[in-house]
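The block underneath contains the structure these notes are about, expressed in structure tokens.
The values are calculated or read from the model by the stated rules, or taken from the named source; none is laboratory data. The structure displayed is predicted, hence computed values, not measured ones. Note: ideal-geometry Cβ built from the backbone for every residue, glycine included; neighbour counts use all protein chains shown.
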Amino acid sequence: MIGLKVSHHLLLCATPTKAKCCDPTVGAESWSELKRMVKELGLEKPDRPEGIVLRSKADCLRICERGPILLIWPEGVWYSDVTPNKIQVILNEHIINQNPVQEWVHKETPFRHRNA
């Protein structure tokens, strides 16, 4: 993994131990669809020119409403209500075409580099 170029990291609040944001079943289905689509679209291939897309399942992203929540770094775009039928659209539009799906964006917290 060291030296591997990463284009995005997707964090999905999918299976909360305290189900405040979503039904855990819907979260688990969204996680399964995210894994499937990342693989199917070839986004995890190490030789992808743009870099690989990492994915992580989170217990809680501290939004606690309108889940499942999908956070995409480095842009800092938070999507809400990310049911399985939204996954492919988000991956195609946001990750591949670099065009966030604005109608599903919950909030944005852009990553800012600190100057050393």
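Among residues of the range 78-104 that are free of Cβ contacts under 8 Å to residues at least 12 places away in the same chain, none has a beta-carbon under 8 Å from a residue that is hydroxyl-bearing (Ser, Thr, Tyr) at least six positions away or on a different chain. Residues in the range 61-92 that are hydroxyl-bearing (Ser, Thr, Tyr) and either surrounded by fewer than 16 Cβ atoms within 10 Å (Cβ to Cβ) or touching a Lys or Arg at 6+ places or on another chain (Cβ under 7 Å) (or both): 2 in all.
Scan the range 24-44 for residues that are assigned to a loop (DSSP other than H, G, I, E, B) and either out of contact with any Lys or Arg (no Cβ under 9 Å at 6 or more places or on another chain) or on the phi > 0 side of the Ramachandran plot (or both) and jot them down. Working first, answer last.
Going residue by residue through the range 24-44, those that are assigned to a loop (DSSP other than H, G, I, E, B) are 41-44.
Matches in the range 24-44: LEU41, GLY42.
Applying the condition of being under 22 Å from PRO74 (Cβ atoms), outside any strand (DSSP E or B) and not basic (Lys, Arg) to the range 1-23 and asking which residue is modelled with the highest pLDDT yields LEU4.
State whether one or more residues within the range 67-74 are among the aromatic types (Phe, Trp, Tyr), closer than 18 Å to SER7 by Cβ and within 13 Å of the chain's Cα centre (by Cα). Yes; the residues of the range 67-74 include at least one that is among the aromatic types (Phe, Trp, Tyr), closer than 18 Å to SER7 by Cβ and within 13 Å of the chain's Cα centre (by Cα). Residues that are in contact with a strand residue (DSSP E or B) (Cβ under 6 Å, 6 or more places away or on another chain) and among the small types (Gly, Ala, Ser): does the range 95-116 have at least one? No, every residue in the range 95-116 fails to be in contact with a strand residue (DSSP E or B) (Cβ under 6 Å, 6 or more places away or on another chain) and among the small types (Gly, Ala, Ser). Has the range 66-77 got any residue that is farther than 18 Å from LYS35 by Cα and part of a strand (DSSP E or B)? The answer is yes, given that some residue of the range 66-77 is farther than 18 Å from LYS35 by Cα and part of a strand (DSSP E or B). Given (1) over 14 Å from the mean Cα position of the chain (by Cα); (2) closer than 22 Å to LYS5 by Cβ, identify the lone condition not met by ILE63. Of (1) over 14 Å from the mean Cα position of the chain (by Cα); (2) closer than 22 Å to LYS5 by Cβ, only one is false for ILE63: (2). The residues of the range 57-70 that are closer than 19 Å to ASN92 by Cα and at pLDDT below 95, listed by number, are PRO68, ILE69.
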